[in-house]
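Below is one structure, written out as structure tokens; comments come after it.
The values are calculated or read from the model by the stated rules, or taken from the named source; none is laboratory data. These numbers come from a predicted model, not from an experiment. Counting neighbours? That spans all protein chains shown, and the Cβs are built from the backbone with ideal geometry, glycine included. These area figures cover heavy atoms from the full protein model, side chains too; ligands, DNA and RNA do not enter into them. Shrake-Rupley method; radii C 1.70, N 1.55, O 1.52, S 1.80 Å.
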Amino acid sequence: MRMYDLILKKREGGCLTESEINYIVKGYTQGSIPDYQMSAFLMAVYFKGLSDEETFALTKAMTESGEKLDLSCIPGVKADKHSTGGVGDKTTLVLAPMIASLGINIAKMSGRGLGNTGGTIDKLESFPGFNTSLTNEQFIENIKHIGIAVNGPTLSLAPADKKIYALRDVTATVENVSLIASSIMSKKLAAGADIIVLDVKSGSGAFMKNEHDALQLAHEMVKIGKASNKQTIAVISDMNQPLGHNIGNALEVVEAIETLKGKGPADLHNLCIALGTQILEAAGKASDAAQAKDMLESSLTNGTAYSKFKEFIKTQGGDISNIDNPMKLVNASYIEPVISNSEGYVESIECEQIGRASMILGAGRKDKDSPVDLSAGIVLHKKTGDFVNKNEEIATIYFNKKEVKNDVINIILNSYKIVDKKCEKPELIKQIIK
Ligand code: URA
């Protein structure tokens, strides 16, 4: 087999066999296929696409490229949840302890934030000492003992994806649904859970800017999951405005804790209930959605979800001395209001721009290696559909870099579209694909 011939075959719109795809993935991961040939191949895929069979073969080859976690020694069902990434998305921090408090194991691999979207691992590091590099043994032990573990990215799971994704990132070949689906699913399959619930974000603050693309990605991932004998469900949720009010690592932890205490914003609360319902039903813990919802709501009102969160943070080495007073985790030198210069209803918020403002404040990474300021971020006091008075504080910014203040205030003000006519709040859950 020659890489040249396989690039040509794809360029001409041909379908690659499983063994051809294995050859490419193995060759590139091991270094016998150079970056320039893999780049050409990825660009051919970008333009010609992959069939379902090719996408599945690619996912399988990337899953098999490294270690696969074997969670079979943990009694009971193991669930994992993945978000395609959004602004203010702190769902895992709420959902994982809710589910674990109801007796379903959560075995979750999470990532760091990049660009406008945050990562769970950075958020969890707001607790000093929190260990996001558990060994496989520690990961499994924690799940056995407390029903939950969340780990950072490891080099050993799906190393082919890591190498290919890095190349896609610099060759303008990220935005292909089959490549995204196989990349995400290879990591999820290597992580070993029985149930995979995917929160596919759709809107201006998400990877998938419209519902059509989000739906296509959801279908591809669900197909891959099912073909791999995993219960896989995708929920398509709105990301045309940030989720909740708080954006930025420690600020999101604060909002997650409020939500675990039953006092969180409606959109975050409802999304956690929707995702949790899918997990409870798939695990056979609830016979229908109504029962699942009752169980999930009870975990918040009776305090078991919040207790599980504390246990989880403590077990992974996090300092919980400020957990009941989490604003102490937000050590920003400057806190400034953002004042509205007009009056009316919020018709829309440019979600991507809010993510960018948060990144400029220091809460996100411009590139993979930049540091994050865990205390920086934004609290939005007004969301789509709300009424704003002139001179009212629509947002508050938290930061340590004095020089970015004016730029960020302008970005936030320009992100809000305020009109005279009353506006509807957007629908949060768009579709569920099973
Ligand atoms: N996230 C991933 O893990 N892979 C992609 O290709 C895109 C987003």
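Converting phi to 3J(HN,Hα) with the Karplus coefficients 6.51, -1.76 and 1.60 and the offset θ = phi - 60°, region 315-327 yields 4, 8, x, x, 7, 9, 5, 9, 5, 7, 9, x, 4 Hz in sequence order, with x at every glycine or proline. For the peptides 103-111, 365-373, residues were scored by their other Cβ atoms within 10 Å and the scores averaged per peptide; the highest-first order is 103-111, 365-373. How would region 194-290 be classified by its alpha-carbon gyration tensor: rounded, prolate or oblate, with rounded meaning a/c under 1.5 and the a/b versus b/c comparison settling the rest? Oblate. Ordering 81-88, 38-45, 178-185, 158-165 by mean Cβ neighbour count within 10 Å, with the highest value first, yields 81-88, 178-185, 158-165, 38-45.
Seen from all directions on average, region 297-407 presents a Cα convex hull projection of 9.7 nm².
Of the heavy-atom accessible surface of the chain (probe 1.4 angstrom), what whole percent is carbon and sulfur? Carbon with sulfur: 50 percent of the solvent-accessible area. Rounded to the nearest Hz, the phi-derived 3J(HN,Hα) couplings of region 114-131 under the Karplus curve 6.51 cos²θ - 1.76 cosθ + 1.60 (θ = phi - 60°) are 8, x, 7, 10, x, x, 4, 4, 4, 4, 5, 6, 5, 8, x, x, 4, 8, where x marks glycine and proline. When only alpha carbons are used to place a centre, region 372-429 and region 20-35 end up 46 Å from one another. Normalised by 2.2 N^0.38 Å, where N counts its residues, the alpha-carbon radius of gyration of region 115-180 equals 1.41.
Taking a ≥ b ≥ c as the square roots of the eigenvalues of the Cα gyration tensor of region 42-113, is the shape rounded (a/c under 1.5), prolate (a/b larger than b/c) or oblate? The shape class here is oblate. In the chain, the calculated helix contribution to ellipticity at 222 nm averages -14000 deg cm²/dmol per residue, counting -39,500 (n - 2.57) for every DSSP H run with n ≥ 4.
Compare the peptides 340-347, 113-120 by average per-residue count of other Cβ atoms within 10 angstrom and give them in order, highest first. Mind showing how you got there, number by number?
Values: 340-347: 16.8, 113-120: 23.4.
Taking the mean over residues of other Cβ atoms within 10 Å, the ranking is 113-120, 340-347.
Solvent-accessible area of Val408, all protein chains in place: 0 Å² (probe radius 1.4 Å, heavy atoms, ligands and nucleic acids excluded). The residues of the chain expose, per residue, 41 Å² of accessible area to a 1.4 Å probe.
Taking a point 7 Å out from the Cα of Ser156 in the direction of its Cβ, the residues of region 106-138 whose backbone N falls within less than 11 Å of it are 134-138. When the C-alpha to C-alpha distance is required to be over 25 Å, the pairs from Lys48/Lys162; Lys48/Lys223; Lys144/Lys434; Lys308/Lys401 that qualify are Lys144/Lys434; Lys308/Lys401.
Can you tell me how region 3-49 classifies by the Cα gyration tensor, rounded, prolate or oblate, using a/c under 1.5 as the rounded cut? The shape class here is oblate.
Per-residue accessible area for Cys423 at 1.4 Å probe radius, Å² rounded to 10? For Cys423, the solvent-accessible surface is approximately 30 Å².
Both radii come from the Cα set of the chain: Rg as radius of gyration, Rh as Kirkwood radius; their ratio Rg/Rh reads 0.97.
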